[in-house]
Number of protein chains: 2
Amino acid sequence: MPDETLDLLFREARSVNTFSDEPVKIDQVREVFELVKYGPTMMNIQPMRLLLVEQGAGRERLLPLMAEGNRAKTASAPVVAVVAADVDFHTSMAAHFPHNPTAGDMFAGDATSRADIARYNTALQTGYFIVGIRAAGLHAGPMGGFDAAAIDAEFFPGTSWRTQLVINIGHPGETPWFDRLPRISADDAVMTA
Amino acid sequence: MPDETLDLLFREARSVNTFSDEPVKIDQVREVFELVKYGPTMMNIQPMRLLLVEQGAGRERLLPLMAEGNRAKTASAPVVAVVAADVDFHTSMAAHFPHNPTAGDMFAGDATSRADIARYNTALQTGYFIVGIRAAGLHAGPMGGFDAAAIDAEFFPGTSWRTQLVINIGHPGETPWFDRLPRISADDAVMTA
């Protein structure tokens with residue numbers, strides 16, 4: 001794979017905090033989803049769900065639920081993706097794991113384990129999604145500072161969607177990112193046996 | 001980004017179950033780590049750790065700790081990566097979050113929350129890692145069936161590394177994968193507000 005591709009996806013890619021006026025269409029982000037949904041998950045459960053929040057009324061509902069330090073950038077991003085985990089993924093396993101159509105039954109009785117499995121596999125898929133945003137020529141600004149229960153209550157009442165992460169999506173504006181923070185080296189993070 | 005790149009990373013990429021004789025060097029996988037470590041994590045904590053298990057004595061220690069259905073493919077893969085989360089990530093935040101060198105202190109008192117944060121961010125990084133394996137021209141076969149506590153006891157005693165996933169890495173052999181399983185569509189997984 002050419003160096004420019006690896007730079008765009010990883011080495012030069014940066015979490016973006018300010019945005020230019022260049023718009024992002026909801027369909028561009030839906031296309032990213034349609035690409036990254038092919039990434040592997042446990043027993044093909046695919047629990048990641050997205051709420052794409054446009055500028056306007058939806059954004060106004062989201063902003064007060066973000067941590068104060070995240071509000072200005074969340075207000076200015078062309079599109080904001082709320083990444084949620086569907087904790088009732090087991091109800092669609094008959095469709096997604098058709099060679100074993102009752103596989104979902106094994107998860108039916110244990111909501112705590114199901115929430116953990118949904119959270120883990122949604123995080124895996126979120127990794128694919130962030131790479132996919134970059135592959136589409138867009139920039140991602142993931143944020144952990146928000147009131148997840150309040151977002152669930154505002155946007156997902158009565159559903160099995162549980163908010164995990166919020167990602168601003170757009171093109172870089174002025175001074176769009178901080179200096180790159182130090183990364184761990186393989187010498188400290190990789191062992192061999 | 002050209003269609004062939006997106007096919008290789010997502011659309012045509014498949015979880016591999018059999019392997020050809022083509023070797024994989026430990027250094028190739030370390031290079032994948034050195035690439036994907038640039039993916040974003042919460043406060044740059046980077047909790048993902050890898051144990052790369054070669055053919056031979058290390059592999060023999062791992063095999064009995066895998067679920068029976070995963071042993072044959074785990075035995076034949078050129079390299080096996082045990083993906084672990086470092087639940088004591090906070091002790092290295094002074095190096096990785098240098099503009100706020102005491103940031104790790106906020107995590108020091110709550111091991112339960114720290115384990116959850118380590119697990120979530122390691123899963124995010126595992127998503128980057130699986131894409132990075134593919135970008136390097138290698139194939140990944142992630143597996144959830146193993147005894148995580150037994151792997152921790154065998155390979156990580158007295159450390160803060162906690163096994164989350166095991167990934168076979170190599171090149172496809174004969175009948176290397178099953179038919180592609182159905183994926184969810186954006187119509188069912190993506191909402192707009």
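The values are calculated or read from the model by the stated rules, or taken from the named source; none is laboratory data. Since this is a predicted model, take the numbers as computed values, not measurements. Reconstructed Cβ throughout: ideal geometry from the backbone, glycine too, with neighbour counts over all protein chains shown. Calculation scope for accessible area: heavy atoms of the full protein, side chains included, ligands and nucleic acids excluded. Shrake-Rupley method; radii C 1.70, N 1.55, O 1.52, S 1.80 Å.
Checked against the criterion of being farther than 29 Å from B:Trp177 by Cβ, of a type in the set (Val, Ile, Thr) and crowded, with 22+ Cβ neighbours inside 10 Å, the candidates A:Val36, A:Val32, A:Val53 yield just one match: A:Val53.
With a requirement of 3 or more residues that are under 17 Å from the mean Cα position of the chain (by Cα), the strands (runs of 3 or more DSSP E) lying completely within the range A:74-193 that satisfy it span A:79-86, A:139-143, A:161-170.
In summary, helices (runs of 4 or more DSSP H) completely within the range A:1-72 and bearing 3 or more residues that are in contact with a Ser or Thr (Cβ under 8 Å, 6 or more places away or on another chain) occur at A:57-62. When the range B:174-193 is filtered for residues that are away from every other protein chain (no Cβ under 12 Å) and crowded, with 17+ Cβ neighbours inside 10 Å, only B:Pro176 remains.
Given the options A:Arg59, A:Arg11, A:Arg71, name the one that is away from every other protein chain (no Cβ under 11 Å) and of a type outside the set (Gly, Ala, Ser).
Working: A:Arg59 fails: away from every other protein chain (no Cβ under 11 Å); A:Arg11 fails: away from every other protein chain (no Cβ under 11 Å).
Sole residue among the options that is away from every other protein chain (no Cβ under 11 Å) and of a type outside the set (Gly, Ala, Ser): A:Arg71.
In the range A:134-156, which residues are within 10 Å of chain B (Cβ to nearest Cβ) and under 17 Å from B:Met43 (Cβ atoms)? Correct list: A:Ala140, A:Gly141, A:Pro142, A:Met143, A:Gly144, A:Gly145. For A:Val82, the stated conditions hold: it is open to solvent by less than 10 Å² (accessible area, probe 1.4 Å) and either at pLDDT below 95 or among the aliphatic types (A, V, I, L, M) (or both).
Counting the residues of the range A:92-123 that are touching a helix residue (DSSP H, G or I) at 6+ places or on another chain (Cβ under 7 Å), open to solvent by 10 Å² or more (accessible area, probe 1.4 Å) and of a type in the set (A, V, I, L, M) gives 2.
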